[in-house]
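In what follows, a structure is listed as structure tokens, so that the remarks can point back to it.
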Amino acid sequence: MNEIENIVKEMFKKYGKSRTALIPVLQSIIRKKRFLSDEDIVEVAKLFDLSSAEVYGVASFYSFLDIKPRGKYVIRICKTISCEMKGSKEIIESIKKMLKINLNETTKDNKFSLLTTNCLGWCHKGPAMLINEDVYYDLTPEKVAEIIEFYKNK
Amino acid sequence: MKSDKVINKVDLIFRKSESDEISVIKRVLEKKPIDIINNIIDSGLRGRGGAGFPTGLKWKLAYEQNSTVKYVICNADEGEPGTFKDREILDVVPQKVLAGMAICAYCIGAKKGYIYLRGEYFFLANKLEEIIENFNQKLKTIGLDFEIQLYLGSGAYVCGEETALFESLEGKRGEPRNKPPFPTSVGFLNKPTVINNVETLVYAYIITDIGPNEFKKYGTKDSRGSKVFSISGDTPKPGIYELELGMTVEDFVKEFGDGDTKAVQIGGCSGKCVPRKDFATTIIGFEGIPTGGSMMLFNSSRSMYNVLHNFLEFFCEESCGQCTPCRVGYQQLLKGIEAVKKGERPASYLEELKKLALTMKVSSKCGLGQSAANPFISIVDNFKEEMIY
Ligand SMILES: Cc1cc2nc3c(=O)[nH]c(=O)nc-3n(C[C@H](O)[C@H](O)[C@H](O)COP(=O)(O)O)c2cc1C
Ligand code: SF4
């Protein structure tokens, strides 16, 4: 059995053999591969007995279900006003410099993608960001440099 | 008008309860569902997710539905910018949330419940699943046939809207449905469903435990009880506070401002902006400005144009695109204020944009589009110079 089939089986077990398991399946693939390739979408559609267009339509609706290739570590900086007031723009600039990429780009070694996102729910401790599923807050350019370095060596 | 009243901090939500949750549920099982529901109605509790629908009435509507399958859903999508209290509640007192769901399930006759947790809070998921598993087992031993499951969102603000949330749970795009029918008759999988905010469920549990009178001691006629606020922006003490409802913005600013507060945004991007001149006369609560708890303070160093620009960008991105007034409307509002700022349009154009915001309010399908007028008109009217120069 291939990887996708395994995931689908696991989620059917957990959420019942119905479409309710679809988003958990897509989330699970994202956690492993960071984005949904066309092949993955076709495969999932087959296992759910849905059209690929239907599954693509679902995936493309949700900002965390990336359908564009992403790096191993996806950085999402909160751009909501509370974080902006605490310096999120400065954080974005410093990461751009560190990784030598612009927003919505991925480093050449496929290690990092840099994105923005809406409110992460850490407004009292801004600026905040996600790296994959992990939250970091109270960021300063120094702190961010240390965190990125950590992921570089991970 | 100067008031000397100090802000009343309350400690109901995060307090360590005297009785453990399972024994409270056990007591509930000995009573008639309708008596529990009437208790909630008597307390005056209204939904804490923003819209403020009376909780007891919502439960009663679902209770009256003749269906063998019903659902209880806890809305933990918490996407409104500036809100972070549901995360804290689920982190610190998850048992109370689960107990609120179980009590609701007993009242309406539901066997299955879901917590829809926003994807941004994934870090809570493993711990919550363990707690839920444990809780489900305990419910079995006391003979309540109800099971809770955790479900994660994937980064879409509109999925906090109740019918969009059902669509998402059903494995579809999170596009809101037409209302009516309302969830209490046609909800998740088209079955009668009670959907409540995290905080609402905790208050329902607390009211069931300590009685409606303890809760009614706090607040005003229209806004009973207390509420958990998420406070951010220009404040020396940002954070999460449970406060009595019915205070004026002036009282609030006295406690949380930095001495130079020029505006408070109440209720996140979809809420209203209150300028300094209205602090003393504006009440935080259902009789004034209701809020899901997001309070952002701005001092005089901040550009309200930037604030509004940031909010409109948010809505442009998060609109599900299903209906035209919202999809196109937000883009036009954003382009419009940019054009006025750059001097490509005269200041009077702002009046046209205000009309557009009001059109969106009456013609959009869901709250996301209907909210446009709240931030737009309150910011443009009160900070006109900042929009132009
Ligand atoms: C765009 C939009 C987003 C919403 N997001 C949330 C949310 O994140 N959490 C929430 O509890 N309610 C949210 N709501 C309100 C829900 O639709 C619903 O009214 C609420 O969950 C009912 O619970 P309550 O009565 O306990 O407040 C949102 C509404 C709209 C229109
Ligand atoms: S108002 Fe906006 S978010 Fe709501 S259904 Fe219409 S397009 Fe979608």
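The values are calculated or read from the model by the stated rules, or taken from the named source; none is laboratory data. Here the structure is a predicted model, which is why all the values come from computation and not from measurement. Positions of Cβ are backbone-derived with ideal geometry, glycine not excepted, and every protein chain shown enters the neighbour counts.
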* **Selected residue (criterion: nearest to B:Glu162 (Cα to Cα)) from residues of the range B:54-85 that are among the aromatic types (Phe, Trp, Tyr) and touching a Ser or Thr at 6+ places or on another chain (Cβ under 6 Å)** => B:Tyr71
* Asked: Consider B:Ile148 against the criteria (1) in a helix (DSSP H, G or I); (2) away from ligand 2 (no atom under 16 Å from the Cβ); (3) at pLDDT 95 or above: it satisfies all of them except one. Which criterion is unmet?
  -> (1)
* Residue satisfying all of: in the range B:314-333; more than 9 Å from ligand 2 (Cβ to nearest atom) and within 14 Å of another protein chain (Cβ to nearest Cβ); nearest to B:Leu358 (Cα to Cα) among these -> B:Cys316
* Inspect all residues belonging to the range B:159-167 and state whether any of them is within 16 Å of ligand 2 (Cβ to nearest atom), at pLDDT 95 or above and outside any helix (DSSP H, G or I). => yes
* **Matching residues, the range B:83-94, being within 14 Å of chain A (Cβ to nearest Cβ) and in a loop (DSSP other than H, G, I, E, B)** => B:Thr83, B:Phe84
* Only one of (1) under 22 Å from B:Met387 (Cβ atoms); (2) within 14 Å of chain A (Cβ to nearest Cβ) fails for B:Ile337. Which number is that? -> (2)
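Residue-by-condition table, conditions (1) touching a residue at least 12 places away in the same chain (Cβ under 8 Å); (2) surrounded by fewer than 18 Cβ atoms within 10 Å (Cβ to Cβ); (3) more than 16 Å from ligand 2 (Cβ to nearest atom); (4) among the polar types (S, T, N, Q):
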| residue | (1), (2), (3), (4) |
| --- | --- |
| B:Lys335 | no, yes, yes, no |
| B:Lys342 | no, yes, yes, no |
| B:Lys355 | no, yes, yes, no |
| B:Val362 | no, yes, no, no |
| B:Leu368 | yes, no, no, no |
| B:Pro375 | yes, no, no, no |
* **Residue selected from the range B:27-82 under the condition part of a helix (DSSP H, G or I) and either within 14 Å of another protein chain (Cβ to nearest Cβ) or of a type in the set (Lys, Arg) (or both), by the criterion farthest from B:Gly174 (Cα to Cα)** => B:Arg27
* All but one of (1) in contact with a Cys (Cβ under 8 Å, 6 or more places away or on another chain); (2) farther than 30 Å from B:Arg224 by Cα hold for B:Ala263, so report the exception by its number. => (2)
* Among the candidates B:Lys32, B:Lys26, B:Lys60, which residue alone is more than 16 Å from ligand 2 (Cβ to nearest atom), closer than 18 Å to B:Pro181 by Cα, assigned by TED's automatic domain parsing to the domain that holds B:Cys104 and surrounded by fewer than 23 Cβ atoms within 10 Å (Cβ to Cβ)? -> B:Lys60
* Any residue in the range A:42-60 that is within 14 Å of chain B (Cβ to nearest Cβ), touching a strand residue (DSSP E or B) at 6+ places or on another chain (Cβ under 9 Å) and either farther than 30 Å from B:Pro238 by Cα or surrounded by 14 or more Cβ atoms within 10 Å (Cβ to Cβ) (or both)? -> no
* **helices (runs of 4 or more DSSP H) enclosed by the range B:342-388 - at least 1 residues per element that are away from ligand 1 (no atom under 13 Å from the Cβ)** => B:349-363, B:373-382, B:384-388
* Asked: Is it true that B:Gly171 is part of a loop (DSSP other than H, G, I, E, B), within 14 Å of chain A (Cβ to nearest Cβ) and within 16 Å of ligand 1 (Cβ to nearest atom)?
  -> no
